[in-house]
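The values are calculated or read from the model by the stated rules, or taken from the named source; none is laboratory data. Keep in mind the model is a prediction, meaning the values are calculated, not measured. Note that we place each Cβ from the backbone using ideal geometry, even for glycine, and neighbour counts take in every protein chain shown.
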Amino acid sequence: MSKFAVMLYPDFSLQEITCLTSVLSVWFGEKIDFISSGAQEVTSEEGLKAHPTKTTAEAKVTDYDCVILPGTVNPLPALFDDELIRFLGEGAGSETVFAAISSAPILLSKAGILRGRKFTSGYFMQMAETFDFVEKENFIHKGIIEDGNVITGIGMFFREFAEAVLRRFDYDIGEELMRDKPEDFTEEDLTFRWSDEDYREFLEELKEYTGEV
């Protein structure tokens with residue numbers, strides 16, 4: 001099994017990464033570490049408060065096969081978080097796959113991960129013009145770009161971003177990820193039943209809530 005981490009910082013976007021994290025955890029049983037530069041809770045751009053499972057002081061970026069960076073509507077707090085940038089920068093030149101979506105590639109630029117790499121991003125172009133650590137000549141205006149161990153994407157292509165990461169690690173996700181249409185299914189297709197064994201397990205678990213013995 002591969003080791004995955006998601007970086008947390010103020011106003012991170014759940015919507016842009018949950019297609020990916022759900023498939024990793026629910027479909028394939030992967031354990032994901034959620035890492036922040038501090039131990040305090042972090043509020044997503046949707047208003048959900050999340051607690052990191054590790055801090056950057058407790059983790060090492062190169063211990064992970066893949067580090068996922070969600071976008072954020074307000075990238076400046078993360079961009080000027082020296083501890084976060086230090087943590088990411090220790091992965092420069094490593095084999096760790098960095099997967100960054102929406103505005104998050106600018107964090108990789110500052111950390112030196114994108115040096116010499118083609119990339120895309122969903123941030124406004126004035127951001128690239130403001131900071132000299134962004135290699136503007138390597139910015140490719142496409143939905144998903146893969147260059148070496150870096151996968152970058154624009155936020156509206158969150159499904160394609162998830163596909164790129166999952167295929168990089170050889171997960172069997174079929175031809176089209178989460179693109180099924182309701183009208184393509186029969187009543188039988190949409191009738192779900194446990195196996196006898198799973199149903200027995202459910203009934204045993206139910207006893208914990210009903211007080212039955």
Review point. Residues in region 129-148 that are in contact (Cβ under 8 Å) with a residue 12 or more places away in the chain, outside any loop (DSSP other than H, G, I, E, B) and either over 14 Å from ILE101 (Cα atoms) or in contact with a Lys or Arg (Cβ under 9 Å, 6 or more places away or on another chain) (or both): how many?
Key: 5
Review point. Hey, among the residues in region 37-49 that are without any contact (Cβ under 8 Å) to a residue 40 or more places away in the chain and either part of a strand (DSSP E or B) or among the hydroxyl-bearing types (Ser, Thr, Tyr) (or both), which one's surrounded by the most Cβ atoms within 10 Å (Cβ to Cβ)?
Key: VAL42
Review point. What is the number of the single condition among (1) surrounded by fewer than 24 Cβ atoms within 10 Å (Cβ to Cβ); (2) in a loop (DSSP other than H, G, I, E, B); (3) touching a helix residue (DSSP H, G or I) at 6+ places or on another chain (Cβ under 6 Å) that GLY116 does not meet?
Key: (3)
Check your understanding: Quick one: is ARG167 part of a helix (DSSP H, G or I), closer than 18 Å to PHE98 by Cβ and of a type in the set (Lys, Arg)?
Key -> yes
Check your understanding: Restricting attention to region 178-204, which residues are touching a residue at least 12 places away in the same chain (Cβ under 8 Å) and either out of contact with any helix residue (DSSP H, G or I) (no Cβ under 9 Å at 6 or more places or on another chain) or surrounded by 10 or more Cβ atoms within 10 Å (Cβ to Cβ) (or both)?
Key -> MET178
Study note, to complete from the structure: Here the qualifying pairs (Cβ atoms under 9 Å; residues six or more apart or on different chains; first in region 77-104 and basic (Lys, Arg); second crowded, with 16+ Cβ neighbours inside 10 Å) come out as ARG86/SER37; ARG86/THR56; ARG86/ALA111
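Table: residues versus (1) surrounded by 14 or more Cβ atoms within 10 Å (Cβ to Cβ); (2) within 15 Å of the chain's Cα centre (by Cα); (3) closer than 21 Å to ILE151 by Cα.
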residue	(1), (2), (3)
LEU14	yes, yes, yes
THR21	yes, yes, yes
ILE32	yes, yes, yes
HIS51	no, no, no
VAL61	yes, yes, yes
VAL67	yes, yes, yes
ILE85	yes, no, yes
GLU90	yes, no, yes
THR96	yes, yes, yes
Check your understanding: When you go through (1) polar (S, T, N, Q); (2) surrounded by fewer than 18 Cβ atoms within 10 Å (Cβ to Cβ); (3) within 20 Å of MET7 (Cα to Cα) one by one for ASN138, which number turns out not to apply?
Key -> (3)
Exercise for review: Determine, yes or no, whether PHE161 is closer than 19 Å to GLY71 by Cα, modelled with pLDDT of 95 or more, surrounded by fewer than 18 Cβ atoms within 10 Å (Cβ to Cβ) and aromatic (Phe, Trp, Tyr).
Suggested key: no
Review point. For region 98-112, how many residues meet the condition of being touching a Ser or Thr at 6+ places or on another chain (Cβ under 9 Å) and not in a helix (DSSP H, G or I)?
Key: 7
